[in-house]
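Derivation of every value follows stated rules applied to the coordinates shown; laboratory data play no part. Small disclaimer: the values here were computed from a predicted structure and weren't measured. Cβ placement follows ideal geometry from the backbone for every residue including glycine, while neighbour counts extend to all protein chains displayed.
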Amino acid sequence: MRPLLALLLLQAFSVTPVHAKEQLLEVVVAEPYLEMHSGPGRGYPVVYVVGRDEVVTVLYSRTDWYKVRAPRGQEGWARRSELALTKLASGEPAPIPPYPDFATHRWEIGAGYGVFNHQNLVTTWGDFGLTDSLDVEFVLQQALGTIDNRYIASLGMRHTFIPEWRWFSPTAGLGFGYQYIDDKVPPKPLQTSNQLAYVSLGVRGFITRRFMWRADWRKYVVFTNQNQNEEPEEWKFGLAVFF
Amino acid sequence: MEIRLSSVLLAAALLSGCGWFHRGEKAPAAVVAEEPQGEPSIIEPQVNRRAVKTPKIKAKDFELGGYFGALSIQDFGTNPIYGVRAAYHVSEDVFLEGFLARSKAGTTSLEDVFPAITVVSDSGRRLTYYDLDVGYNVLPGEIFLGRGHAFNSALYVTVGMGDVKFADKDRFALNFGMGERLLITDWLAMHLDVRDHVFETDLTGRTKNVHNIEATLGLTFFY
């Protein structure tokens, strides 16, 4: 048993150098110079400048800033827009990814506040674009009322009528879901879990970079085992990040 | 007939002449006639294309960590709290953050004076919350430690909402906070936070908004 453990340990340590040999991107400064700041923000002072035709190693990025290493080992943060003007050794432009285009973005994650049937609502969602105008949305939310506390999960399709409209673009959706009721005040609800379906109307808009907002109205039909189905309404507003 | 033959011969002679011109000394006239089909006119390039893979740049926009501190639950004393936090930095100014924490409430003054009274059951004293926040780095800068060390830092404000589960009930809560992030290295940060969780409750007799202020110290990793 012990030799086996020793062998495992040895193997674990022998793996480390492989990890350290990670390939990093190297780019050549094509402009007269590239400024390196002491931190990833516009206010941080420039602490080093790399001249034209010198090679910098790109270590990693944080928001719009890239941590780079100069040929003589100095490290600092370069602005995305400035690093995008560098070149690869082959002469091609450096592969600094541009911001995703809002009209054609694929993924989206967001959260927001809403009102579900006069109850406070916390909502989170994930969204995947099948095409520019057709999305699959997955929503997880919690409605916190004085009488009960509901968890609602739903899956649906959403259509954006004119995806090219950046600032204000109407949407409509359709989907189904499931709710679980956790009662706060007796009597207990007749059913604690139900299936539901919804229609929605909404608006979305671009804010800046990879930031956007959404507002939605939903009308639910909650399928119950009584004579009448419940038909609650919901309003919500949220912020999202898209990729 | 004779003219045709001579013209063919002339053509052959011309061709052979051309061949001679191109091939240098090596080509005798007899061979020239066969040569155009046999020999490849273009050199086949023997190049193995190297697949150049440009390394990807790692984005370290996520922050994950834990925190502990003290939470003052209104009417229920101040108690230890511990939790986890995760953040995504959208830009150098804005970030989105989520918190998940738990604490345990003490006793109210009423319960201390009259031990027979219990406002909240023992299991109900457990407090858990989750929060979804938007944060803004108001004052980014550097903190100096002596002559030789400078740490990047930011003073930020957060606002958000979530659920506080206390006394066996879930309540919608708003939270307002302020904190200081100090980057020990570019991937390790220390946080000092003060946050107020506001929710409505009727635990102590009448319905009111209670303020539950927490002061915490946290450690996070960027990845």
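Things worth noting here:
- For A:LYS184, distant residues with modelled amide H under 5 Å away: A:ASP148, A:ASN149
- Cβ-Cβ distance of A:VAL47 and A:ILE207, R₀ of 25 Å, FRET efficiency by 1/(1 + (r/R0)^6): the value works out to about 0.20.
- Helical content of the protein assembly as shown, expressed as a calculated mean residue ellipticity at 222 nm, amounts to -3500 deg cm²/dmol (DSSP H runs of 4 or more residues, -39,500 (n - 2.57) each, divided by residue number, nearest 500).
- Applied to the range B:159-164, the Karplus parametrisation 6.51 cos²θ - 1.76 cosθ + 1.60 on θ = phi - 60° returns per-residue 3J(HN,Hα) values of 9, x, 8, x, 10, 10 Hz, with x for Gly and Pro.
- Radius of gyration over Kirkwood radius for the range A:142-243, both on Cα atoms: the Rg/Rh ratio is 1.06.
- Trypsin sites (Lys or Arg not before Pro) restricted to the range A:17-100 and DSSP loop, no more than 14 other C-beta within 10 Å: A:LYS21, A:ARG42, A:ARG52, A:ARG72
- For chain A: lysine pairs under 24 Å (alpha-carbon distance), excluding those fewer than 8 apart on one chain: 5
- Selection of trypsin sites (Lys or Arg not before Pro), the range B:93-164, meeting DSSP coil and at most 11 other Cβ within 10 Å: B:ARG147
- Helix A:2-20 axis, angle to chain A major axis (alpha carbon atoms, nearest 10°): 70
- Principal axis extents of the C-alpha atoms in the range B:82-223 (largest first, rounded to whole Å): 60, 30, 23.
- Calculated P(r) of the protein assembly as shown - Cα pairs past 31 Å, %: 62
- Full-stretch length increase - B:ALA215, B:LEU192 - with 0.36 nm per residue and alpha-carbon distance subtracted: 7.5 nm
- Between B:SER121 and B:ILE184, residue separation times 0.36 nm minus the direct Cα-Cα distance comes to 18.4 nm.
- Gyration tensor verdict on the range A:20-98 (Cα atoms; rounded if a/c is under 1.5, prolate if a/b is larger than b/c, oblate otherwise): rounded
- Under Karplus coefficients 6.51, -1.76 and 1.60, residue-wise ³J(HN,Hα) of the range A:83-93 in Hz, glycine/proline x: 5, 5, 8, 7, 10, 7, 4, 6, x, 6, x
- Size of chain A: Rg and Dmax of its alpha carbons, in Å, are 26.0, 78.
- Estimated FRET transfer efficiency when R0 is 56 angstrom, pair B:THR204-B:GLU44 (beta carbons, to 0.05): 0.05
- What the phi angles of the range A:112-126 give under the Karplus curve with 6.51, -1.76 and 1.60, with θ = phi - 60°, is a coupling list of x, 10, x, 10, 10, 6, 6, 10, 5, 10, 9, 10, 9, 8, x Hz, glycine and proline written as x.
- Environment charge at B:ASP193 (Cβ cut-off 15 Å; Lys +1, Arg +1, Asp -1, Glu -1): -4
- Sorted fewest first by neighbouring Cβ atoms within 10 angstrom, A:THR171, A:THR131, B:THR54 come out as A:THR131, B:THR54, A:THR171.
- Longest stretch of chain A clear of exposed loop sites (GluC sites (Glu not before Pro), DSSP loop, at most 11 other Cβ atoms within 10 Å, sites excluded): A:23-163.
- Amide proton proximity set for A:ASP64, modelled H, under 5 Å, gap of 5+: B:GLU92
- Charge context of A:PHE128, other residues only, Cβ under 10 angstrom, K/R +1, D/E -1: -3
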